[in-house]
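This report refers to the structure that appears directly beneath it.
The values are calculated or read from the model by the stated rules, or taken from the named source; none is laboratory data. Computed from a prediction, not measured in an experiment: that's the story for all the values here. Here the Cβ is made from the backbone with ideal geometry for all residues, glycine too, and neighbour counts use every protein chain on show. We work out accessible area using only protein heavy atoms, side chains counted, and drop any ligands, DNA or RNA first. Shrake-Rupley method; radii C 1.70, N 1.55, O 1.52, S 1.80 Å.
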Amino acid sequence: MKELWRFIDYSSDDPYMNLAIEETMARSILEFNSPNALRVWQHPLIVSIGCNQRPEQEVNIDYCKKKGIKIVRRLSAGGAVYQDSGNLNYSLYIDTNKFKSFKDPIESHSYLCRGLIIALKSLGLEAEFKPVNDIVIGKRKISGNAQHQLYNVLIHHGTLIMDLNFDNLEKALIVPIEKLRDKGATSVRHRVTTIKRELGRRIPVNVVKNAVRKGYEEALGIKFQDSKLTQKEIKIAKELQKKYSSQEWIFGSSVEFEHNTVYKAPGGLIRVSLTISNNNIKEINISGDFFINPPEALKQLEKMLKDAPYSYQNITQIVNKFYNQNIIIPGVKPTDLIAAIMQAKMVLPS
């Protein structure tokens, strides 16, 4: 008999509540032994930034204010994403003690993206997984994915682009040329595609949701049972909504830095902001769209570097010590982080 998972089709008009539900579902498995689940949902007009990004570096904040596009910060790492009603979000909540667990993030993404690839095939589209976290048709991205681990619960979530306001996409995000060049694209518009563009027609959202549901039943060998949020889950989500809507969560520190740089590693963009005093690192912020496990480890690295002498030898020792703690950053070697940190002071203050 196939394992029963919950299938939850629920969207809130409040994007902060949508993100609060993400954490709530993981906590429900941890605290109430709830079954694994798949949730499909849609955001209102938003830009979602990764947990290790700074909105002022990734988002055209003035444009978003003008257009009523809310800025939110999710639990997972990865890059900034523009979303409107043409995007379908999906989230898997998995107890890794009871289901397949992964040591390698790329293997995990590849395995858990299969359901979406099957769903797209059922709609008449041939898609494939492209490491670290994309699903592409040809060379164009139709889905971006990310993960967050809360103890033994894995949240694997992503977007599926059904249709898109390309003008908002291009104007709401700040995309460095280094990132486009690495993907072989000349603009964001040419980097992504949609179901509507590929098929030449619009597919009803309920048809896409059902395809995703069936795709994951086939990919994971499970059976879904329709479910709703419980009263306990709603209560937890309402409390967490305060966290996700807070300016502190979304915008973080207001510290201004003297030196800023962008470094392109195979695993993503590394942004480093520095303030140097008496040749010591007074303040440092490391951000980007790369994946790191655990995500909060970057803050630890920043603490290790703060007040340290700004020298190649010293930074090399600190970064290597950091990596020796079983930190996983696909496509970002210690030499990449060292180079990014050293490059920051060589770039003119911005």
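Of the residues making up segment 55-73, one or more are more than 30 Å from GLU31 (Cα to Cα), among the polar types (S, T, N, Q) and modelled with pLDDT under 95. Given the criteria surrounded by 13 or more Cβ atoms within 10 Å (Cβ to Cβ) and among the hydroxyl-bearing types (Ser, Thr, Tyr), does THR316 qualify? Considered against the rule, which asks whether it is surrounded by 13 or more Cβ atoms within 10 Å (Cβ to Cβ) and among the hydroxyl-bearing types (Ser, Thr, Tyr), THR316 comes out as yes.
Among all residue pairs at least 6 apart or on different chains, which show Cβ distances below 6 Å where the first residue, located in segment 310-329, is free of Cβ contacts under 8 Å to residues at least 60 places away in the same chain and the second is part of a loop (DSSP other than H, G, I, E, B)? Close Cβ pairs (under 6 Å, with a partner that is part of a loop (DSSP other than H, G, I, E, B)) amount to TYR310/ASN279; ASN314/ALA308.
Only one of ILE341, ILE281 is more than 24 Å from GLU107 (Cα to Cα), surrounded by 17 or more Cβ atoms within 10 Å (Cβ to Cβ), β-branched (Val, Ile, Thr) and under 25 Å from the mean Cα position of the chain (by Cα); which?
So the residue among ILE341, ILE281 that is more than 24 Å from GLU107 (Cα to Cα), surrounded by 17 or more Cβ atoms within 10 Å (Cβ to Cβ), β-branched (Val, Ile, Thr) and under 25 Å from the mean Cα position of the chain (by Cα) is ILE341.
For segment 293-326, the candidate set comprises residues that are modelled with pLDDT under 90 and assigned to a loop (DSSP other than H, G, I, E, B); within that set, the residue that is farthest from GLU107 (Cα to Cα) is GLU296. Can you tell me which residues in segment 203-235 are of a type in the set (Lys, Arg), more than 19 Å from TYR90 (Cβ to Cβ) and touching a residue at least 12 places away in the same chain (Cβ under 8 Å)? Correct list: LYS232 only. Scanning segment 278-313 for residues that are out of contact with any strand residue (DSSP E or B) (no Cβ under 9 Å at 6 or more places or on another chain) and at positive phi yields a count of 1. The residues on offer are VAL208, VAL262, and the sole one that is modelled with pLDDT under 95 and surrounded by 18 or more Cβ atoms within 10 Å (Cβ to Cβ) is VAL262. Before we move on, is LEU125 surrounded by fewer than 19 Cβ atoms within 10 Å (Cβ to Cβ) and touching a residue at least 60 places away in the same chain (Cβ under 8 Å)? Judged against the criteria, LEU125 is a match.
Taking the criterion of being closer than 19 Å to GLN42 by Cα and of a type in the set (Ser, Thr, Tyr), the residues of segment 206-252 that qualify are TYR216, SER227, TYR244, SER245.
Could you tell me whether any residue of segment 265-274 is modelled with pLDDT under 95 and open to solvent by 40 Å² or more (accessible area, probe 1.4 Å)? Scanning segment 265-274, I find at least one residue that is modelled with pLDDT under 95 and open to solvent by 40 Å² or more (accessible area, probe 1.4 Å), so the answer is yes.
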